[in-house]
Amino acid sequence: MIIALIILILGSLIVSAIISPSLYYFLSNYVSGFSFPYSRLFDRVLMVVIFIFLLILKKHFNIKEAIKKFTEISKKCATKDFFVSFFITLSVCIILTLFLDMKDRLVWVPKTTSYYVSKIIKAFFAGVLISVLEESFFRVILLNAFKKKFTFLISAILCSFCYMIAHFIAPAKSFTFENLTPYVGFEYYVEVIKTMFFPNIFCAFIGIFLVGFFLCYIINKFNSIYINIGIHSGFVMAMKLFIYSTGEAPNVIMNRMERRYFLVEEPLGWLAIGLVYILITIVFSRSASHNAK
């Protein structure tokens, strides 16, 4: 399974680096109105390539298990699991954010009601989609694959490490596609790697790892992917609302990764993860429909 995972990661990156430049060159030169930046097109290509590799390696990654997770409980229970865990997570994060020390790097910037309404709707659906994809892969397919070889603790650590690394491989939106060359796709990876190195990155690594480990534990304990999706969506919504409501302090310049992961690099963010875990455990342990695996 480890070999299959390596093939999945390296294979997807290499194939995407080969396909994306040619596709981008064709679309930008021969399709009128095409205005996507290279980073956005690359993301779409990478998702498709990963899906194809998953199909090829399906005997190593049990995709049917992920599908089963969405159908093994009733719609009523699924809806309840999602919204209860979503609101618990979002509420805890919002309350603790009010006490956050922004260290003179960020300031609160209130926006209009219409601005928040449009952003919240967009953030909610984007958060749910991200959560469905990531929970299906990391907390079902990958975690179960590791559990076939290792104990749950080791599996959760390995899975959370992969989850942590994936979150810091962010699109390099500043990358400019100039000429179609055999290696331009790999030049883009150099820019992607550069985005990973920002102040407090170690603290941010810890925060994302804790989120991943906590989500592994929750799905193992309650066996409901909808609880995980709700928690994950709550974290995503909280982070997006924080970004929408803040701006850089005067004379301060922060890169996109610093803004994006500011919450998880702070000890208060780690406290939020712990409090969400406690509340989720208390609430769902009382439900007879959720049994530990």
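Summary table below
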item: GluC sites (Glu not before Pro), loop per DSSP, at most 14 other Cβ atoms within 10 Å - longest free stretch of the chain; result: 179-293
item: Qualifying chymotrypsin sites (Phe, Trp or Tyr not before Pro) in the stretch 169-260, DSSP loop, other Cβ atoms within 10 Å at most 12; result: Y183, F197
item: Read-out semi-axes √(5λ) of the Cα gyration tensor in Å, derived from the coordinates shown; its label in (1) 75, 20, 12; (2) 31, 27, 18; (3) 35, 25, 17; result: (2)
item: Backbone N within the stretch 1-38 under 19 Å of label point (7 Å from K68 Cα along the Cβ vector); result: 1
item: Dipole magnitude of the stretch 52-169 about its Cα centre (Cβ charges: Lys, Arg +1; Asp, Glu -1), debye to nearest 20; result: 440
item: Lys/Arg +1, Asp/Glu -1 at C-beta; the stretch 141-293 dipole; positive extreme among I193, G207, I282; result: I282
item: Net lengthening on full extension, Y116/I253 (0.36 nm per residue, minus Cα-Cα); result: 46.9 nm
item: Where labels lie 7 Å past Cα in the beta-carbon direction, separation of F125 and R286 in nm; result: 3.5
item: The stretch 136-186 versus the stretch 21-87: alpha-carbon centroid distance in Å; result: 13
item: Selection from V49, L23, I165, by position along the positive dipole direction of the chain (Cβ); result: V49
item: Filtered trypsin sites (Lys or Arg not before Pro), the stretch 122-162: DSSP coil and at most 16 other beta carbons within 10 Å; result: K148, K149
item: Prolate/oblate/rounded label for the stretch 147-261 (Cα gyration tensor, a/c 1.5); result: oblate
item: Dipole moment magnitude, nearest 20 debye, the chain about Cα centre, only Lys, Arg, Asp, Glu C-beta charged; result: 1000
item: DSSP-loop chymotrypsin sites (Phe, Trp or Tyr not before Pro) across the stretch 61-100, with at most 12 other Cβ within 10 angstrom; result: F99
item: Most positive-pole-ward Cα, P37, F99, I130, against dipole of the stretch 13-141 from beta carbon charges; result: I130
item: Extension gain from I193 to N29, taking 0.36 nm per residue of separation minus the Cα-Cα distance; result: 56.2 nm
item: Potential extension, L98-T151 segment - 0.36 nm per residue separation minus Cα distance; result: 15.2 nm
item: Estimated FRET transfer efficiency when R0 is 25 angstrom, pair I201-Y244 (beta carbons, to 0.05); result: 0.60
item: FRET E, pair L10, V107, Förster distance 41 Å, beta-carbon r, rounded to 0.05; result: 0.45
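Read-outs throughout are calculated quantities, based only on the coordinates presented, and are distinct from any laboratory measurement. A quick note: this is a predicted structure, and the numbers were derived from the prediction, not measured. Cβ atoms come from the backbone with ideal geometry, glycine included; neighbour counts cover every protein chain shown.
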